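> Please see the structure below; I have some questions.
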4 protein chains.
Amino acid sequence: MSKTKEFEERAKRYFGKEVTDRDRAIFEGGITLGAIYHQFVGTPISRDATVVSALEKAIEKTMSLQPYIERVEVKIDTSEMRQSSHPYDYGEVGGRNLSVKLVSKYGKARVYMKMFFVPELNYPLMFIEKIEEES
Amino acid sequence: MSKTKEFEERAKRYFGKEVTDRDRAIFEGGITLGAIYHQFVGTPISRDATVVSALEKAIEKTMSLQPYIERVEVKIDTSEMRQSSHPYDYGEVGGRNLSVKLVSKYGKARVYMKMFFVPELNYPLMFIEKIEEES
Amino acid sequence: MSKTKEFEERAKRYFGKEVTDRDRAIFEGGITLGAIYHQFVGTPISRDATVVSALEKAIEKTMSLQPYIERVEVKIDTSEMRQSSHPYDYGEVGGRNLSVKLVSKYGKARVYMKMFFVPELNYPLMFIEKIEEES
Amino acid sequence: MSKTKEFEERAKRYFGKEVTDRDRAIFEGGITLGAIYHQFVGTPISRDATVVSALEKAIEKTMSLQPYIERVEVKIDTSEMRQSSHPYDYGEVGGRNLSVKLVSKYGKARVYMKMFFVPELNYPLMFIEKIEEES
């Protein structure tokens, strides 16, 4: 048994026996969505595209390290911010401007999740868009 | 239909049709576990029990506000910290001292989750301990 | 020389020789103001007074551990939040609702700082209200 | 009077009259040092240079937006991390691996600050290296 396999087996023993691949993929994806929001909310941003794209890329690359995360795409919308004209004129990452697409995969299950601000709910909703299970 | 019910129905439309109560309970619990870690890691702590219990209580109360979270219990272990004797001698919340028990509930499913530092994995493992589904 | 004294002397060697007590008190207070904001922004809150006062107290107690911080007072204003009526109806700590009073002291200097949302600047301003120096 | 100038004058009124350019430069730099640490501590990292340099760059670019910050340089040391071999094998930003150089400037004062882990203090020390004042 490879070292990786062995390690994963050991971690698995902490989970209830009833926990399926589908449960795990959802669990790991949910953790990472919550992590992204609460790690990066409050980070300063401006309309400068090089600032925002550097941050988007950093979030994608660092949060893809989380266990069983296959893909992370981040978009920060600065369209409603004004152009900086004085030292206090910048914004910050928050529920209204942060969008995330995330794919988690565990064993035979792959889950597609999203987060974005939903005006009709007035809330940055995190949701499961699709669950795929190999038979 | 009550306003709450109506609101929840609207949010539900964003989720894939295949998403079950069990999936939702796992998803919402996972989000909150990830949120707790990444919100509070780095917070200063000391061996003073009034400091630590104030923080534990604040994490429990604030993170219980997250959707579909029924219970949150937090324990921060300061036993390996020294007694403060100089201005730089304090610690911070991190994967090695933070333990969380969490129960999420959505519709007919209730999920028990935990997070604590697992020495054999050298990792603060988040895991699903038990899933209950009413029939 | 006491252990505390010795330790502080060692830390002091890293600072430029031109750095005065006044400079240090300002520096340490500024660090803690920035720390408070970026540590706790994004934390869920509701109108429930027991939730908010638990969080205020936790911020005060933990952030008072930072070096040379004599006093921290935190107020989170939830007056503009609605009463919770559905699972997504809660708020979060942010620049618009967080107020902080902080006193730092180093040697002969004591500095009074504040942070609160200033409508005319549309910004959560951090500022130095008063500097006292013993002669 | 330009809009920027006007805005800065308005913000300045909140500060005590005794607050000098030097005080302000120190204050603003301290805020940003505290902000960097508490915003990014806990972010996942690995030995992969593209991950770490993306994060370093994002911290530099976003935190340079803070008022009166002239330059931010960030280095995250991953030399003591192992190469990833299983899903839980990654690290996170913390006091032991994060180094920051920062220059703040207000009016006639420019201040050079640093943060890095000091083994003899067993602490990620933030300090003022040099203060320059134009006469």
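Nothing in this text is a laboratory measurement; each read-out follows from the coordinates by a stated rule. Values in this document were obtained by computation on a predicted structure and should not be read as measured data. Note: ideal-geometry Cβ built from the backbone for every residue, glycine included; neighbour counts use all protein chains shown.
> Given a Förster radius of 56 Å and the C-beta distance between C:Arg96 and A:Thr4 as r, what FRET efficiency does 1/(1 + (r/R0)^6) yield to the nearest 0.05?
0.75
> I would also like to ask the following. Taking the 0 to 90 degree range and rounding to the nearest ten, how far is the long axis of helix D:49-63 tilted relative to the main principal axis of chain D, both from C-alpha atoms?
20
> Turning to a different aspect of this structure: Once the label point is set 7 Å along the Cα-to-beta-carbon vector, what list of distances in nm do you get between B:Val118 and its counterparts in the other copies?
Here B:Val118 shows inter-copy label distances of 3.3, 3.9, 5.1 nm.
> If I take the rotation axis that carries chain D onto chain A, which residue of chain D has the nearest beta-carbon, and at how many angstrom?
D:Ala58, 2
> Could I ask something else about it? Between D:Tyr14 and the same site in the other copies, what are the distances in nm, shortest first, taking label points 7 Å from Cα along the C-beta direction?
Ordered by distance, the counterparts are at 2.9, 3.2, 4.3 nm.
> Specify the angular offset, from 0 to 90 degrees and rounded to the nearest 10, of the alpha carbon long axis of helix C:21-40 from the longest principal axis of the alpha carbons in chain C.
The helix C:21-40 is inclined about 30 degrees to chain C.
> Could you tell me which trypsin sites (Lys or Arg not before Pro) in the stretch A:80-135 are loop residues by DSSP with no more than 12 other beta carbons within 10 angstrom of their beta carbon?
Loop-located and lightly packed - A:Arg82.
> Test of understanding: ordering C:Arg71, A:Arg24, B:Arg10 by Cβ neighbours within 10 Å, fewest first, what list do you get?
Fewest-to-most ranking of C:Arg71, A:Arg24, B:Arg10: C:Arg71, B:Arg10, A:Arg24.
> How far is helix C:3-12 tilted, in degrees, relative to the longest principal axis of the Cα atoms in chain C, given as a value from 0 to 90 rounded to the nearest 10?
90
> Oh, and also: Give the order of B:Met113, B:Met63 when sorted by the count of other beta carbons within 10 angstrom, beginning with the fewest.
B:Met63, B:Met113
> How much net charge surrounds A:Val41 when only the other residues with a Cβ under 13 Å from the Cβ of A:Val41 are counted, with Lys and Arg +1 and Asp and Glu -1?
-1
> Taking each label point as 7 Å beyond Cα in the direction of the beta carbon, state the distances from D:Thr78 to the same residue in the other copies, shortest first, in nm.
Distances to the matching label points in the other copies: 2.5, 3.4, 4.1 nm.
> Checking the table D:Lys5/D:Lys114; A:Lys61/D:Lys57; C:Lys12/C:Lys57 against a 23 Å threshold on Cα-Cα, which pairs fail?
Checking Cα-Cα distances, D:Lys5/D:Lys114; C:Lys12/C:Lys57 exceed 23 Å.
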